[in-house]
Amino acid sequence: MHVEIQRRANERHASASLRAASGRPTAELRGSRLSLDGRVVSMATPYLTLDTSTGDHDPDITRSRGVADALALLLRHSDLALHLELSPNDVFERLVFDVLEQLRCDALVPPAMHGMRANTDAAFEAWSLDA
């Protein structure tokens, strides 16, 4: 039971950070899924999975912050409805389309936000090294 309580606490902290950075008060991370206004945001970006497990070790906090920060950038800088409308049907093409949109949003970190840049870089790098 303690693991479940800690996992949910990690999700709540990531959600609070996500809401603050995105300016979207209804954004939430739950079960490693992003939702907005109570609906799941459908994006196929493999490096943006939030590992909120606690198992025998703590989750990489920098990576978790990076995922939350990158998702906040997506919510802040992407027109999700337009993105969904323009998304290709082919699975591989959709993956590339989603990743490129996320990278575009990641590039829009304000220059003064060094911590956010470090976090988003860490999330991408950790995923790259795990792949």
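For this structure, a couple of remarks:
- H114/H13 FRET efficiency (R0 25 Å; Cβ-Cβ; nearest 0.05): 0.75
- For E101, the accessible surface of its heavy atoms amounts to roughly 30 Å² (probe 1.4 Å, protein chains only, rounded to the nearest 10).
- Mean residue ellipticity (222 nm) of the chain, computed from DSSP H runs ≥ 4 via -39,500 (n - 2.57), nearest 500: -19500 deg cm²/dmol
- Farthest towards the positive end of the charge dipole of the chain, among the residues W127, N89, C105, is the Cα of C105, using unit charges on the Cβ of Lys, Arg, Asp and Glu.
- Evaluated over region 1-126, the Cα radius of gyration and Dmax, each in Å: 14.3, 43
- Selected from T26, T49, T120 as most flexible by GNM, with the chain as the system and alpha-carbon contacts under 10 Å: T26
- Reduced Cα scattering model of region 57-131, Debye log10 I(q)/I(0), q = 0.11, 0.14, 0.22, 0.28 Å⁻¹: -0.31, -0.49, -1.00, -1.25
- Fluctuation leader among H77, H114, H13 - the chain, Gaussian network, Cα springs under 10 angstrom: H114
- Among P25, P111, P46, the largest mean-square fluctuation in a Gaussian network model of the chain, built with springs joining Cα atoms closer than 10 Å, belongs to P111.
- Across all Cα atoms of region 1-51, the radius of gyration (one decimal) and Dmax (whole number) stand at 11.2, 33 Å.
The values are calculated or read from the model by the stated rules, or taken from the named source; none is laboratory data. Because the structure is a prediction, the values reported are computed rather than measured. Virtual Cβ from ideal backbone geometry, glycine too; neighbours counted across all protein chains shown. Calculation scope for accessible area: heavy atoms of the full protein, side chains included, ligands and nucleic acids excluded. Shrake-Rupley method; radii C 1.70, N 1.55, O 1.52, S 1.80 Å.
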